[in-house]
Amino acid sequence: MNRRTVLMLSGVVLFGYGIAGFPEIRFAPALGQDVPLSGGPASSGTQGSASIPDFSGIWSHPYFPGIEPPASGPGPVTNRLRLPSGQSDPDHLVGDYTNPVLKPAAAEVVRKHGEMEVSGVGAPTPSNQCWPEPVPYIFWNWEMQMLQQADKITILYWYDHEVRHVRMNQPHPARVTPSWYGDSVGHYEGDTLVIDTVGIRVGPFAMVDMYGTPHTEALHVVERYRLLDYEAAKEELERAAKEHFLIPAESDFEVPVVDLDYRGKGLQLQFTVEDDNVFTTPWSATVTYRRPLGGWLEYVCAENTRESGQRVRQLPQAAKPDF
């Protein structure tokens, strides 16, 4: 496909020529797969360092938003608006409020969010308002870096350089103080890294996706990371292409881009979401990463204070310039 496109990033319009405070975007393929439901606090057991898989380094997924429904079973809210090809329309993110995983009140929130998106004004989200992006919302990020240590894992995300800290082989405290990224504990199950997160704070833009799907403090997210060989990753990329529109790789700006010539292993994230106040059942989704071209990129949300249309980001403002 050879065209420039206008992309709605959770209410942020990304033009091919770098308007609205964003560079134009280069995309390449991503993927998805069934997610087994799992949960509970991390195991207190340990695993020998020789058998621990190496997830370290920079990973990128190139679709937007990049969250893949499972092949079967309950899945996330997806876009009601489609291109003639059947792929999600990247210009208009209008959530399917008829998804049976939504309880009536949550479905109404998603419906109203979609109305704002097509009104020309757009709906506020954590990313377009420069607010913290908890899991699973943050998984839209095109690029992330995982730092593995024996007692902890640190995950960095490209958009505004957000950081998550995961304590290894420890339980959640008896009483969790809510925080933006929640309390995350992890352990290894063979070749899989399992991260369990609870205690996610509810703020003014509390949502689990770019369609405005809400969450409460009961939100519980379990992530499972594992490496995929090249052929398995390629197969998943092809499946993802049926859901997401691919932007041509013809940008003049540096943004996270998957290396299409890379033949090494991919990294797949399978995650399960529970919130009894919002959802009728737990649901699952997938994100698959490959290695990017280039290194870690910089993006600062607060440097781009105005969105498309008349919306202004709700950022702290100084009464007078510092200099």
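Rounded to the nearest 20 debye, the dipole magnitude of the range 143-224 is 260 debye, with +1 charges on Lys and Arg beta carbons, -1 on Asp and Glu beta carbons, and the Cα centre as origin.
Computed from the Cβ-Cβ distance with R0 of 41 Å, the FRET efficiency linking Asp151 to Asp229 stands at 0.90.
The Rg/Rh ratio for the range 78-121 is 1.00, where Rg is the radius of gyration of the alpha carbons and Rh is the Kirkwood radius. Between Asn277 and Trp180, the FRET efficiency from the beta-carbon distance, with R0 = 25 Å, is close to 0.85. Under 5 Å from the amide H of Ala206 lies no amide H of any residue 5 or more positions distant or on a separate chain, with H modelled from the backbone and absent for Pro and chain starts.
No lab work stands behind these numbers, since they all come straight from the coordinates. All figures in this text were calculated on a predicted structure; none of them were measured in a lab. Here the Cβ is made from the backbone with ideal geometry for all residues, glycine too, and neighbour counts use every protein chain on show.
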